[in-house]
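The block underneath contains the structure these notes are about, expressed in structure tokens.
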Amino acid sequence: MTLTEEKTPRGRPAEIKAVPVRHYGRWIAAVLIAYVALWAIHSVANNERFGWDTINAWFWDGSILDGIVMTLELTVIAMLMGVAGGVVLAVMRLSPNPLISGVAWLYVWVFRGTPVLVQIILWFYVKALIPTFSLGIPFGPTFVHFNANDLITAFVAGCLGLGLNEAAYMSEIVRAGILSVDPGQSEAATALGMSRAKIMRRVVLPQAMRVIIPPTGNETISMLKTSSLVSVIALADLLYSVQIVYNRTYQTIPMLLVASIWYLVMTSILTVGQFYLERYFGRGTAQRQTMLERFVANLRIRGGRSA
Amino acid sequence: MATDDRPSVAKADTEDAVDAVDAAETTASGEDAVQASDTAASGDATTAGTGAPEFMVRAENVHKNFGRLEVLKGIDLTVRPGEVMCVIGPSGSGKSTFLRCINHLEKLNGGRLWVNGHLVGYRQKGDRLYEMREREVAAQRRDIGMVFQRFNLFPHMTALGNVMEAPVQVKGLPKARVRERAVALLERVGLADKMDAYPGQLSGGQQQRVAIARALAMEPALMLFDEPTSALDPELVGEVLEVMKQLALDGMTMIVVTHEIGFAREVGDSLVFMDGGVVVEQGRPRDVIENPQHPRTQDFLSKVL
């Protein structure tokens with residue numbers, strides 16, 4: 001039997017310096033792709049029909065910027081309604097009380113089963129169905145009356161249509177997140193004497209977040225663009241704002257490009273935000289890196305393999 | 001060594017109990033009934049003469065089935081305060097299920113279980129049992145610590161956060177004081193330097209020791225261990241058993257479901273061998289291990305020793 005101590009110390013060997021494998025195929029592909037990309041950029045940039053002057057002239061226009069603000073407001077409000085409603089619906093859906101879970105199921109069935117465009121229009125015309133709203137006890141006395149015309153403005157209709165529809169989708173995402181948490185977690189919390197509500201809030205939901213956040217970021221990015229549907233009820237979001245302009249100037253394509261570029265800018269910013277949210281809720285499980293660090297690390301790995 | 005000398009419960013009694021539970025379950029608003037019994041309930045277990053405080057745990061003809069599968073077929077056991085009871089037996093013998101019945105993670109289908117003189121999960125008034133509300137069961141569980149095979153630490157909290165969670169959230173104690181005690185507990189299990197580590201950064205043995213500290217933070221009167229070393233690498237088993245042994249020496253009442261026969265012999269005050277949902281043999285660990293009477297026990301021990 002030999003022990004390591006008895007051996008003569010050899011020290012750490014020198015780092016291996018071998019010639020890495022050359023990926024000639026990758027180099028050829030890179031050159032080809034760069035060539036095609038250059039050609040595409042060149043032809044788009046020099047195509048007058050894209051109307052780069054028009055895009056440039058309108059890109060920072062006040063009406064467009066107002067439209068962006070409206071789009072962002074709608075997205076934020078609809079997503080807040082969606083997330084809050086989604087959590088409530090998901091918890092209801094998982095309730096042991098069949099009546100409560102049934103109501104949640106019914107909600108999802110209705111709001112996920114009909115087109116969001118239809119829902120927005122219906123909310124806009126809800127005054128035709130219910131001319132006045134009253135606050136009070138059903139079948140009993142009423143305290144306050146609202147005229148539906150004053151209460152349901154185009155903005156409110158847009159928020160309701162987008163937000164209530166989103167809640168149905170979010171509830172499925174949250175439910176999947178809750179179900180993804182190891183049952184041992186609630187069991188351990190139960191054994192410690194925690195109440196069901198506390199277990200949900202302190203133990204299950206924070207862990208479910210890791211599963212919930214990525215699709216929610218996806219939903220937010222999707223909502224940013226879905227919110228353009230409110231243009232049908234003449235709400236001046238980004239899309240409606242460019243429509244107003246091209247209805248007057250007939251510069252349809254350049255104006256749509258203005259909107260598209262702005263949508264791209266906004267989704268790019270959201271993507272960065274999503275990265276940091278995911279990192280926050282992944283604490284305790286994933287190593288912490290900034291986006292830049294991860295990018296650099298990836299480059300190193302790639303570089304190490306192909307250089 | 002056999003369990004025949006224990007008082008057996010009349011069959012009718014058990015069925016009554018089941019009926020009462022059923023009734024409480026089917027009445028959506030069973031609250032009224034439960035509240036009505038509030039005043040008279042608390043002393044019942046002791047007045048019946050069954051849950052005298054001389055026993056920390058007293059199980060009487062405990063039955064449990066999952067659907068048609070009968071897992072526990074009448075368990076009678078008692079555990080005195082300060083006693084360390086080890087439970088051994090093959091997989092599927094119902095040891096873990098019995099442990100989970102003690103803190104009502106599983107509902108009994110028949111029989112009675114008292115912890116510290118209180119009937120677990122139900123309130124008895126005369127011949128009828130009333131199901132406890134979720135809140136009341138939770139209150140009962142606070143005095144019973146449990147350690148799981150898979151640790152089940154909260155992965156989004158640090159070791160310290162895990163230990164502090166229940167005293168702060170359940171007992172509502174001030175954070176500063178809880179923190180002080182939590183630090184002391186982590187020192188006690190030898191993890192003073194790992195307070196700010198997340199469970200994912202700890203070895204299995206360290207995680208299980210944090211889990212023990214987490215359970216102790218509620219100052220339980222009884223600790224339940226559900227195969228606490230079964231998920232550990234062999235080299236890490238020792239550090240967890242050492243902590244448990246220390247706990248036993250400090251006078252904690254413990255029920256330990258385990259495959260560690262050595263631990264059972266050294267630390268246990270009593271040893272129970274379960275198989276097929278019944279207690280086959282029990283007695284002093286040394287006697288049972290060295291001189292098992294029942295053929296099933298002999299067979300099992302010959303395989304694991």
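General observations
- Screening B:MET157, B:MET146 for residues that are over 27 Å from B:VAL57 (Cα atoms) and facing another protein chain (nearest Cβ under 9 Å) leaves exactly one candidate, B:MET157.
- Scanning segment B:56-100 for residues that are free of Cβ contacts under 8 Å to residues at least 40 places away in the same chain and within 22 Å of B:PHE300 (Cβ to Cβ) returns B:LEU69, B:SER91, B:GLY92, B:THR97.
- Summed over segment B:112-137, residues that are assigned to a loop (DSSP other than H, G, I, E, B) and of a type in the set (A, V, I, L, M, F, W, C) total 2.
- Criterion (crowded, with 17+ Cβ neighbours inside 10 Å, in contact (Cβ under 8 Å) with a residue 40 or more places away in the chain, more than 13 Å from B:ALA217 (Cα to Cα) and within 13 Å of chain A (Cβ to nearest Cβ)) met by exactly one of B:ASN152, B:ASN162, B:ASN116: B:ASN152
- Top-ranked residue of segment B:272-305 - restricted to ones that are of a type in the set (Val, Ile, Thr) and in a helix (DSSP H, G or I), ranked as surrounded by the most Cβ atoms within 10 Å (Cβ to Cβ): B:VAL288
- Within the option set A:PHE143, A:PHE133, A:PHE124, A:PHE155, being in contact with a strand residue (DSSP E or B) (Cβ under 6 Å, 6 or more places away or on another chain), surrounded by 13 or more Cβ atoms within 10 Å (Cβ to Cβ) and either more than 14 Å from every other protein chain (Cβ to nearest Cβ) or of a type in the set (Gly, Ala, Ser) (or both) holds for one residue only, A:PHE133.
- Hits in segment B:172-208 (condition: of a type in the set (D, E, K, R) and loosely packed, with under 14 Cβ neighbours inside 10 Å): B:LYS175, B:ARG177, B:GLU180, B:GLU187, B:ASP193, B:ASP196
- Pick from segment A:274-307, criterion touching a helix residue (DSSP H, G or I) at 6+ places or on another chain (Cβ under 8 Å) and at pLDDT 70 or above, ranking: nearest to A:SER228 (Cα to Cα): A:GLN274
- Only one of B:ASP233, B:ASP269 that is surrounded by fewer than 22 Cβ atoms within 10 Å (Cβ to Cβ), modelled with pLDDT of 95 or more and acidic (Asp, Glu): B:ASP269
- For segment A:193-225, filtering for residues that are crowded, with 20+ Cβ neighbours inside 10 Å, away from chain B (no Cβ under 14 Å) and out of contact with any Phe, Trp or Tyr (no Cβ under 9 Å at 6 or more places or on another chain) leaves 3.
The rows are residues; the columns are (1) over 25 Å from B:GLY82 (Cβ atoms); (2) assigned to a helix (DSSP H, G or I); (3) of a type in the set (A, V, I, L, M, F, W, C).
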position	(1), (2), (3)
B:VAL163	no, yes, yes
B:VAL168	yes, yes, yes
B:GLY172	yes, no, no
B:ALA176	yes, yes, yes
B:ARG214	no, yes, no
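- Residue satisfying all of: in segment B:119-139; of a type outside the set (D, E, K, R) and surrounded by fewer than 19 Cβ atoms within 10 Å (Cβ to Cβ); nearest to the other protein chains (Cβ to nearest Cβ) among these: B:ALA139
- Selection from segment B:79-110 of residues that are of a type in the set (Val, Ile, Thr) and in contact with a Ser or Thr (Cβ under 7 Å, 6 or more places away or on another chain): B:VAL79, B:ILE88
- Among the conditions (1) closer than 23 Å to A:ILE244 by Cβ; (2) exposed (fewer than 13 other Cβ atoms within 10 Å of the Cβ), the only one that A:MET70 does not satisfy is (2).
- Flag for A:GLU172 being away from chain B (no Cβ under 14 Å) and of a type in the set (Asp, Glu): yes
- Qualifying residue in segment B:231-249 (condition: of a type outside the set (Lys, Arg), within 14 Å of chain A (Cβ to nearest Cβ) and more than 28 Å from B:TRP114 (Cβ to Cβ)): yes
- A:ALA236 vs. criteria at pLDDT below 95, touching a helix residue (DSSP H, G or I) at 6+ places or on another chain (Cβ under 7 Å) and away from chain B (no Cβ under 14 Å): yes
- Tally of residues being hydroxyl-bearing (Ser, Thr, Tyr) and closer than 10 Å to B:GLN208 by Cα across segment B:229-243: 1
- The criterion of being at the interface with chain B (Cβ under 7 Å from one of its Cβ atoms), outside any helix (DSSP H, G or I) and of a type outside the set (A, V, I, L, M) does not hold for A:GLY184.
The values are calculated or read from the model by the stated rules, or taken from the named source; none is laboratory data. Note that the structure is a prediction, hence the values are computed from the model and not measured. Counting neighbours? That spans all protein chains shown, and the Cβs are built from the backbone with ideal geometry, glycine included.
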